[in-house]
Ligand code: HMG
Ligand code: MG
């Protein structure tokens, strides 16, 4: 296992999809530009979903047009169906993510489809992407608990991870959508999934509702995970997950990783400035402890 951890920055998507208001397209582009300047190399940009469902990201086309091309960064986007894939492809997107859930009730609330229906919907998307040379990531939501169903069976997560990997996803991100997981459960889940797909193909995605996200990441690093999703300033949540609060803050993740001797390629001071800039833009204090501790500028 290497000592490098790849961070997938999700603030522009998972963060902004959950904002009460619409963030201007130019501000979204500025956020992404600043994140790239911090050294982040995978920056999830937006979602090509139904604008009726997620109006916050209705400007996906306009935003993508403002992003730099060939700057060495990857700008994946979420697509729920072929329509979203075609919109993304028309914009020059090179990487997409499909998103399934381990719980039936959440799947219905989030994408208006059962788990099986969602897999059937992703099949042509992934086939097209393979033919077009577009990389596909697979998300699984509610891996450690569901706001509607409660407990989620590990076997359901493992089976779905195997299915998405077999379909062609290069990586599976395990999402604790409502942030209810704790360290030992997170590590046990990763080990169970790693029994079916390579550890290198597993990413973890924690929301920090109960303040457990960093402990969970640490436990998963011990199990061998080397890809972690995070959101600058701890923005985020899911509009269809009652009670889901912010994602693990990227500043807190980077501080912890560097302290543990992992390389990330991220400039922490710049990241803290970016997090503070975003908090000002959104008009509220940062959810990142590291940001509050390190940012010396007066509010
Ligand atoms: P539906 O209403 O069942 O679909 O929604 P539909 O096919 O009947 O379409 C309804 C309308 O949307 C139609 O328009 C379609 O054309 C349009 P109308 O005829 O009424 O004018 N439409 C689209 N428009 C643009 N782009 C598209 C698209 N698809 C349909 N791609 C659908 C089904 C999947 C579309 C909807 O439920 C949806 O967009 N859901 C998105 C939900 C979402 O983005 N949730 C947040 C992301 S997941 C998450 O945050 C969790 C994660 O972070 C991991 C974790 O934390 O665990 C990833
Ligand atoms: Mg999320």
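I'd like the residue in the range 200-225 that is touching a residue at least 60 places away in the same chain (Cβ under 8 Å) and more than 16 Å from ligand 2 (Cβ to nearest atom) and, out of all such residues, is nearest to the chain's Cα centre (by Cα). My answer is 221. Answer yes if at least one residue in the range 64-75 is within 20 Å of the chain's Cα centre (by Cα), touching a residue at least 12 places away in the same chain (Cβ under 8 Å) and near ligand 1 (Cβ under 8 Å from one of its atoms), and no otherwise. Taking every residue of the range 64-75 in turn, none turns out to be within 20 Å of the chain's Cα centre (by Cα), touching a residue at least 12 places away in the same chain (Cβ under 8 Å) and near ligand 1 (Cβ under 8 Å from one of its atoms). Looking across the range 180-195 at every residue that is assigned to a loop (DSSP other than H, G, I, E, B) and surrounded by fewer than 16 Cβ atoms within 10 Å (Cβ to Cβ), the one that is nearest to ligand 2 (Cβ to nearest atom) is identified as 182. The residues of the range 170-179 include none that are surrounded by fewer than 23 Cβ atoms within 10 Å (Cβ to Cβ) and near ligand 1 (Cβ under 9 Å from one of its atoms).
Condition check ((1) buried (at least 23 other Cβ atoms within 10 Å of the Cβ); (2) within 22 Å of residue 159 (Cβ to Cβ); (3) modelled with pLDDT under 95) across all residues:
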{"position": "62", "(1), (2), (3)": "no, no, no"}
{"position": "68", "(1), (2), (3)": "no, no, yes"}
{"position": "76", "(1), (2), (3)": "yes, no, no"}
{"position": "79", "(1), (2), (3)": "yes, no, no"}
{"position": "107", "(1), (2), (3)": "yes, yes, no"}
{"position": "132", "(1), (2), (3)": "no, no, no"}
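Could you say whether any residue in the range 246-262 is buried (at least 21 other Cβ atoms within 10 Å of the Cβ) and more than 16 Å from residue 291 (Cβ to Cβ)? Taking every residue of the range 246-262 in turn, none turns out to be buried (at least 21 other Cβ atoms within 10 Å of the Cβ) and more than 16 Å from residue 291 (Cβ to Cβ). Within the range 12-26, does at least one residue satisfy the condition of being more than 16 Å from ligand 1 (Cβ to nearest atom) and either buried (at least 17 other Cβ atoms within 10 Å of the Cβ) or closer than 14 Å to residue 267 by Cβ (or both)? Yes - at least one qualifying residue is present in the range 12-26. Taking the criterion of being in a loop (DSSP other than H, G, I, E, B) and more than 14 Å from the chain's Cα centre (by Cα), the residues of the range 240-264 that qualify are 240, 241, 242, 243, 260, 261, 262, 264.
The values are calculated or read from the model by the stated rules, or taken from the named source; none is laboratory data. In this text the structure is predicted, and so the values were computed from the model without any measurement. As a convention, Cβ positions derive from the backbone with ideal geometry for all residues, glycine included, and neighbour counts pool all protein chains shown.
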